[in-house]
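Have a look at the structure below before the remarks.
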Amino acid sequence: MKLLEKLDAAAAARKALLPNGVGAFGIPIEEVYSATEARIGNRRVLLLGTNNYLGLTFAPECIRAAHEAIDKEGTGTTGSRMANGSYYGHRALEKEFAEFYKCSSGIVFTTGYQANLGTISGLVGPGDTVLIDGDSHASIYDGCILSGADIIRFKHNDMGDMEKRLRRLGDRTETTLVIAEGIYSMLGDQAPLAEIVRLKKAYNCILLLDEAHSLGVLGETGQGLVEHTGLLEEVDFITGTFSKSLCSIGGFCVSNHPQLEQLRYVSHPYIFTASPSPATIASTRAALELLRTGTHLRKQLWNNCTQLYAQLSGAGYHLGPDAGPVIAAIVDTPQQALLLWQKLLEHNIYVNLILPPAAPEGKSLVRCSVNAAHTTEQINYVGETFSKLYSLVN
Amino acid sequence: MTDSNYDEIMRLLCDRLSALTDSELLITPDTNLISQLSIDSIKLLNLIMEIEDTFDVSIPINGLTDVQTVRQLADLVYKVKSTS
Ligand SMILES: Cc1ncc(COP(=O)(O)O)c(C=O)c1O
């Protein structure tokens with residue numbers, strides 16, 4: 001039982017940090033009413049802690065497509081993309097992603113986590129190097145670890161620091177993969193892509209950008225930071241997820257490098273797992289079309305983002321540097337963060353609570369995610385409630 | 001490994017670790033970073049960045065999987081430094 005005692009120690013440490021806060025993680029959602037409301041316990045709450053950025057979870061087009069796919073093709077593929085799991089829809093979605101990003105090829109993975117695992121571990125291996133932003137998502141860290149490449153971190157969004165580390169690598173930069181994210185999920189800030197591109201060219205590296213949180217959110221057609229900055233052609237590989245603005249589950253990688261196709265034969269996270277279900281693929285295809293043409297949704301989303309960012313910052317909260325769909329109040333201690341989180345729930349508002357070490361620089365976060373389906377009144381109510389509760393963190 | 005480079009690394013690590021921990025414990029080469037000093041994974045990763053800058057070397061964080069004690073951390077840094 002010695003093995004299991006380690007988990008007991010971890011549980012005790014978690015309890016010691018937040019004696020009453022254990023329920024803040026994995027909170028039971030009893031019923032979902034819409035893209036913005038659900039029931040938690042006996043409360044009807046406003047959802048401000050989802051990744052449903054375009055508010056498409058109940059889009060009739062997506063629901064209809066999913067229904068039809070289930071009726072026609074059943075509930076699951078029961079197999080890998082390598083074997084019996086590549087239906088027409090999977091291949092069509094890959095083509096649609098490639099066209100959307102004007103790339104020669106695209107690969108669909110079963111989750112966004114696996115898209116990063118599979119792409120990174122397929123591109124680099126022992127003897128190669130990955131240079132990653134220090135605030136990278138766990139799927140990026142895990143993909144790097146799986147690859148066996150040497151992992152070097154640079155300070156979050158600090159280009160001087162990134163260049164210093166590139167310089168130190170010497171001629172190893174030619175076998176270096178640089179990894180950044182379009183929008184970072186903790187503070188909602190964007191990567192300085194123009195500068196990253198300049199450095200990756202100067203040092204002759206390959207660049208992978210994870211557009212998980214920026215897909216659908218940034219750019220005229222929602223491609224993400226690549227479109228927002230006009231740098232699509234400069235990024236070698238783009239990964240992303242279906243689990244946020246596309247409101248289903250799955251992931252992708254697109255590229256103009258023909259070598260991307262080889263990942264299908266070497267990447268374990270692609271091969272040794274079942275492919276997404278037909279309904280998932282069908283709703284994602286419908287959602288991608290809504291995303292691409294959803295200029296009005298992005299407009300509504302950004303109105304909501306700027307309104308809430310202004311309200312929280314006006315109320316005195318310390319926020320991340322950029323307004324966007326992820327708006328995090330940065331709080332000094334876990335106890336303050338938990339108290340604020342609990343009080344918000346008592347006011348029927350659900351947000352995310354993030355504690356160290358998951359939150360950067362030893363701080364805690366009370367993080368809101370805004371979506372296009374939130375009404376101005378809902379956003380106002382959230383802003384006013386935060387404002388009323390400010391004394392809890394000050 | 002008793003050369004002065006190694007001693008310098010050890011001294012630097014002990015200084016930085018004592019600044020990073022709330023523990024009153026006297027830090028020795030055998031002190032465990034996690035169970036005794038409660039240095040969490042992010043603090044350790046950031047410490048590696050600092051050491052990289054101090055010695056102007058690249059220390060891949062993969063090497064940390066084998067590191068539990070101050071001595072093991074010093075060994076890792078020494079190895080990278082002496083092969084760079
Ligand atoms: C930056 C980033 N990449 C990848 C993922 C993984 O996506 P998925 O939920 O599809 O596994 C996430 C989601 O948590 C993320 O935030």
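The values are calculated or read from the model by the stated rules, or taken from the named source; none is laboratory data. Nothing here was measured: the structure is a model prediction, and the numbers come from that model. Counting neighbours? That spans all protein chains shown, and the Cβs are built from the backbone with ideal geometry, glycine included. The area values use the complete protein model at the heavy-atom level, side chains included, leaving out ligands, DNA and RNA. Shrake-Rupley method; radii C 1.70, N 1.55, O 1.52, S 1.80 Å.
Here are a few things to note about the model shown:
- Some residue of the stretch A:117-136 being open to solvent by 10 Å² or more (accessible area, probe 1.4 Å), more than 11 Å from the ligand (Cβ to nearest atom) and polar (S, T, N, Q): yes
- Hey, residue A:161 open to solvent by 40 Å² or more (accessible area, probe 1.4 Å) and either more than 20 Å from the chain's Cα centre (by Cα) or more than 16 Å from the ligand (Cβ to nearest atom) (or both) or not: no
- Selection count, the stretch B:53-84, where residues are within 11 Å of the chain's Cα centre (by Cα) and assigned to a helix (DSSP H, G or I): 10
- Lone unmet requirement of (1) assigned to a loop (DSSP other than H, G, I, E, B); (2) open to solvent by 20 Å² or more (accessible area, probe 1.4 Å); (3) touching a Gly at 6+ places or on another chain (Cβ under 8 Å) for residue A:276: (2)
- The stretch A:234-249 residues that are more than 17 Å from residue A:137 (Cβ to Cβ), paired with ones that are within 9 Å of the ligand (Cβ to nearest atom) and hydrophobic (A, V, I, L, M, F, W, C) (beta carbon under 7 Å, 6 or more apart): A:248/A:242
- Between A:228, A:213, the distinction of being open to solvent by 10 Å² or more (accessible area, probe 1.4 Å) and within 12 Å of the ligand (Cβ to nearest atom) belongs to A:213 only.
- Residue that is nearest to the other protein chains (Cβ to nearest Cβ), among those in the stretch A:231-244 that are more than 16 Å from the ligand (Cβ to nearest atom) and of a type outside the set (Asp, Glu): A:231
- Any hit, the stretch A:55-74, residues being touching an Asp or Glu at 6+ places or on another chain (Cβ under 9 Å), crowded, with 17+ Cβ neighbours inside 10 Å and farther than 29 Å from residue A:369 by Cα: no
- Condition check for residue A:25: in contact with a Gly (Cβ under 6 Å, 6 or more places away or on another chain) and within 16 Å of the ligand (Cβ to nearest atom): no
- Qualifying residue in the stretch A:162-175 (condition: in contact with an Asp or Glu (Cβ under 9 Å, 6 or more places away or on another chain), closer than 26 Å to residue A:52 by Cα and polar (S, T, N, Q)): no
- The residue that is farthest from residue A:209 (Cα to Cα), among those in the stretch A:137-146 that are open to solvent by 10 Å² or more (accessible area, probe 1.4 Å) and touching a Leu at 6+ places or on another chain (Cβ under 8 Å), is A:146.
- Only residues that are surrounded by 16 or more Cβ atoms within 10 Å (Cβ to Cβ) and touching a Phe, Trp or Tyr at 6+ places or on another chain (Cβ under 9 Å) were counted in the stretch A:165-178, giving 7.
- Index of the failed condition, residue A:311 passing every other in (1) open to solvent by less than 30 Å² (accessible area, probe 1.4 Å); (2) not assigned by TED's automatic domain parsing to the domain that holds residue A:97: (1)
- Subset of the stretch A:255-270 [open to solvent by less than 20 Å² (accessible area, probe 1.4 Å) and either within 14 Å of chain B (Cβ to nearest Cβ) or more than 15 Å from the ligand (Cβ to nearest atom) (or both)]: A:255, A:260, A:263, A:267
- Some residue of the stretch A:238-249 being surrounded by fewer than 20 Cβ atoms within 10 Å (Cβ to Cβ) and more than 30 Å from residue B:84 (Cα to Cα): yes
- Residue in the stretch B:33-42 that is within 22 Å of residue A:152 (Cβ to Cβ), out of contact with any Pro (no Cβ under 8 Å at 6 or more places or on another chain) and touching a residue at least 24 places away in the same chain (Cβ under 8 Å) present: yes
- Scanning the stretch B:17-27 turns up no residue that is in contact (Cβ under 8 Å) with a residue 24 or more places away in the chain and loosely packed, with under 14 Cβ neighbours inside 10 Å.
- Members of the stretch B:37-84 that are more than 10 Å from every other protein chain (Cβ to nearest Cβ) and among the charged types (D, E, K, R): B:50, B:66, B:71, B:75, B:79, B:81
- The lone exception for residue A:103 - which of (1) over 21 Å from residue A:289 (Cα atoms); (2) outside any helix (DSSP H, G or I) it fails: (1)
- Restricting the search to strands (runs of 3 or more DSSP E) fully inside the stretch A:106-204 and requiring at least 2 residues that are more than 13 Å from chain B (Cβ to nearest Cβ) gives A:176-181.
- All conditions but one from (1) open to solvent by less than 70 Å² (accessible area, probe 1.4 Å); (2) under 30 Å from residue A:348 (Cβ atoms) apply to residue A:39; the one that does not is (1).
- Any hit, the stretch A:16-36, residues being open to solvent by 70 Å² or more (accessible area, probe 1.4 Å), among the acidic types (Asp, Glu) and more than 30 Å from residue A:379 (Cβ to Cβ): no
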